[in-house]
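As structure tokens, the structure follows; a few thoughts come after it.
The values are calculated or read from the model by the stated rules, or taken from the named source; none is laboratory data. Everything numeric in this text was worked out from a predicted model, so none of it was measured. Neighbour counts are summed over all protein chains in view; Cβ atoms, including those assigned to glycine, are modelled from backbone coordinates with ideal geometry.
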Amino acid sequence: MTKAQAKELFQSVDEILNFVSKDTKLPIEHRVKRKLISRDEVNKYLTKKFNDDKSAKRLERDEIVLKKFGLLDHDFQLRPFLLSLLTEQIAGFYDNKTKTVNLLDWIKPDDQKPVLAHELTHALQDQKVELTKWSDVGDESIARNVREDNQHLQTDEAETARSAVAEGQAMAVFVDYSLRATGKTIADTPELGDKLKDLASDTSGSPVMARAPLLLQQSLIFPYSDGLAFEQALLVKQGREAAFAGVLEHPPSSSFEIMNPTAYMAHTPVPVLRMPDVHPLIDAEYTPYDMGVMGELDVRILTELFGGRKMSAVLTPEWAGGLYYAAQRKSAVTAEEKSSTASLGLLYYSRWKNEDAARSFLQVYATEIPRQYSHVERRQKDEADADERVYSTKEGDVLLSISGKGVFVSEGFELSLARKLRDSIQSAQGEGPLRIAEMHLHEPSLALARALGSFGMMRAGLERYTLNGAQAASMFHAR
């Protein structure tokens, strides 16, 4: 970027900030600092943030849980791939700590201005609610008793739901800025949201993104695509004050609400299951490792990965709650042993809106077992009834069972223990009103979405949604 271009870009910040304030109805409390940085500086920023960011550190711990679920291949190396992905994807960022919008010196000013609209939305959000404090509502401790287990479940998804709000608002402004020549906004053109969401699955032009596992692709795009759809629904139904200041003051607590904005607007209770006291059953041989909600986003990713997009589209809306619990064998002592999925015992219990959906999900999950493990053998002679499926694998017993609308999965726990855990979890679920989720912690893929979203605006959001004036007009008049 030349000095003249840099000067033009710096001068545009205040003009674009005024546009953002008018578009969001969020007031400008003070001037936003701005800085032009090089590609090397961005790479250093990403590496340092990845090393320091608590969500990224959590991801490294969650890596073997994601592999145990089959969401990542066992030989996949998460950290180096994420750094490569983030380096490719970064398009600009607002730093909450320094209160500075960072401009990239290798992107032309006209191409960077829509990104500025996005990042300056974060600046006004920060002035409104102090983004670092607003976003950081998690408890990173490991639950070690039944009270802590259920507190984690009760307050599990808020951080990434808030990330989707922050990015969804910024994407709405990003699109409005791109549409400004037409005189329209995303609130005026609700059908544009579906068109933009379809573009999000296109990985052309992003080599690292194109070879990323489905989990990473979906997690990176979720805050932008689903966050934008959530925000657009509120803009259409409730107006700008509710969609911006209102959501910042009363944010959603789950991926369920982000993916079902009408449920958020109707204050529909979020499905939260109950965890019984499993510690007397497992603590002699296992150490608590990780637990949380398996939310609607996780189900969407998992069912698409295991059963294909059509199956995912059918099953995901039928989700009615889910939890997982991972414990590590005390016999795993070395670093190599502890980093192996064989060291984990994993249970996963999901609830569905009807029995047909539950059986379909069981079938989808069962088809993945031979692909996920080596030396798989089904032991029908050990199955208590038609509702059980029992397998031997190189990493221990696997039990899948169904009871009404509930599906239980145990991987790695010995069969008799797995049945005790299943019976305990099933008996803990009541049929009364669902509890409402509150704040903090994570679910597996949402933790990933939160961590990726915290690094700034990604090209997953930029390239899929960027509209110059001609493109915006063409899309608008083509309908």
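Taking the listed residues L83, L36, L66, L26, the one that is part of a helix (DSSP H, G or I) and either in contact (Cβ under 8 Å) with a residue 60 or more places away in the chain or assigned by TED's automatic domain parsing to the domain that holds M291 (or both) is L66, with no other qualifying. Which residue is surrounded by the most Cβ atoms within 10 Å (Cβ to Cβ), if the candidates are limited to region 158-172 and must be within 11 Å of S254 (Cβ to Cβ) and within 9 Å of the chain's Cα centre (by Cα)? Among residues in region 158-172 that are within 11 Å of S254 (Cβ to Cβ) and within 9 Å of the chain's Cα centre (by Cα), the one surrounded by the most Cβ atoms within 10 Å (Cβ to Cβ) is T160. Under the condition of being over 31 Å from the mean Cα position of the chain (by Cα), of a type in the set (A, V, I, L, M, F, W, C) and surrounded by fewer than 19 Cβ atoms within 10 Å (Cβ to Cβ), the residues counted in region 1-30 number 4. Of the numbered criteria (1) surrounded by 15 or more Cβ atoms within 10 Å (Cβ to Cβ); (2) within 30 Å of P251 (Cα to Cα), the one T98 fails is (1).
Does K33 meet the test of being over 25 Å from D126 (Cα atoms), among the basic types (K, R) and touching a strand residue (DSSP E or B) at 6+ places or on another chain (Cβ under 6 Å)?
no
Applying the set (1) at pLDDT 90 or above; (2) part of a helix (DSSP H, G or I); (3) buried (at least 18 other Cβ atoms within 10 Å of the Cβ); (4) touching a Phe, Trp or Tyr at 6+ places or on another chain (Cβ under 7 Å) to A243 leaves exactly one unmet item: (4).
Of the residues making up region 266-281, those that are free of Cβ contacts under 8 Å to residues at least 24 places away in the same chain and part of a helix (DSSP H, G or I) number 1.
Being touching a residue at least 12 places away in the same chain (Cβ under 8 Å) and surrounded by fewer than 16 Cβ atoms within 10 Å (Cβ to Cβ) narrows it down to one of E231, E249, E257, so name that one. Before you say what the answer is, go through the steps one by one.
Working: E231 fails: surrounded by fewer than 16 Cβ atoms within 10 Å (Cβ to Cβ); E257 fails: surrounded by fewer than 16 Cβ atoms within 10 Å (Cβ to Cβ).
Criteria check complete, one pass: E249.
Can you give me the number of residues within region 343-375 that are touching a strand residue (DSSP E or B) at 6+ places or on another chain (Cβ under 9 Å) and buried (at least 18 other Cβ atoms within 10 Å of the Cβ)? So the count comes out to 19.
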